[in-house]
Amino acid sequence: MILKINDKECILHFGVRFVRELDKIAGVSSKGISLGMSLTRTLPALQTYDPVAFSNVVYAAAYGNKPRPKMEDIESFIDNDEDIEKHFDEILEEVQNSTATKLVAKNMKA
């Protein structure tokens, strides 16, 4: 998936590395130990069109971009995006179709 942030194409990836990156910013930790769980916490938030969840997902999925977009740039993109609902839906579709994340998405629906 590609989003245009600050007039630059930003390629988003939704594999295992995406989940690791999301765990860094939205995961659960206890006493300094990372428990992960970011995807299971983030999917319901995306389904309700939570802008913080959207920005976290975009930042995590943009790990391969040089330079990686700053969180402030992603937030500005969200604030000014005329097609934000469409972009939420596209990200949810990407997560539901990615080999690394589709089982979590499927189990969340059940």
Helix 16-26: inclination vs the chain longest Cα principal axis, degrees, rounded to 10, gives 90 degrees
For the chain, the convex hull over Cα atoms projects on average to an area in nm² of 6.9 nm²
Computed D for the range 22-63, Stokes-Einstein, Kirkwood radius over alpha-carbon pairs, 4 °C, 1.567 mPa s, to the nearest µm² per second, is 124 µm²/s
The simple spin-label model distance between M71 and M108, using points 7 Å out along Cα→Cβ, in nm, is 2.0 nm
With only helices counted (DSSP H, runs n ≥ 4, each -39500 (n - 2.57)), the per-residue ellipticity at 222 nm for the chain, to the nearest 500, works out to -17500 deg cm²/dmol
Per the 1/(1 + (r/R0)^6) rule, R0 = 25 Å and r from the Cβ atoms of M1 and K31, FRET efficiency to 0.05 is 0.10
Checked against a 26 Å limit on the C-alpha separation, the offending pairs among K8/K86; K31/K106; K4/K24; K24/K66; K31/K109 are K31/K106; K31/K109
Largest fluctuation, A62, A100, A26 only, Gaussian network model of the chain with Cα springs under 10 angstrom, belongs to A100
For D83, placing the label point 7 angstrom along Cα-to-beta-carbon and taking the range 43-57, residues whose amide nitrogen sits under 20 Å are 47, 49-51, 54-57
Computed for the chain: size of charge dipole around the Cα centre, +1 on C-beta of each Lys and Arg, -1 on C-beta of each Asp and Glu, debye to nearest 20, value 820 debye
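Computed from the coordinates by the stated procedures, all read-outs in this text should not be read as laboratory data. Model, not experiment: these values are computed from the prediction. Positions of Cβ are generated from backbone atoms using ideal geometry, with glycine treated the same way; all protein chains shown enter the neighbour counts.
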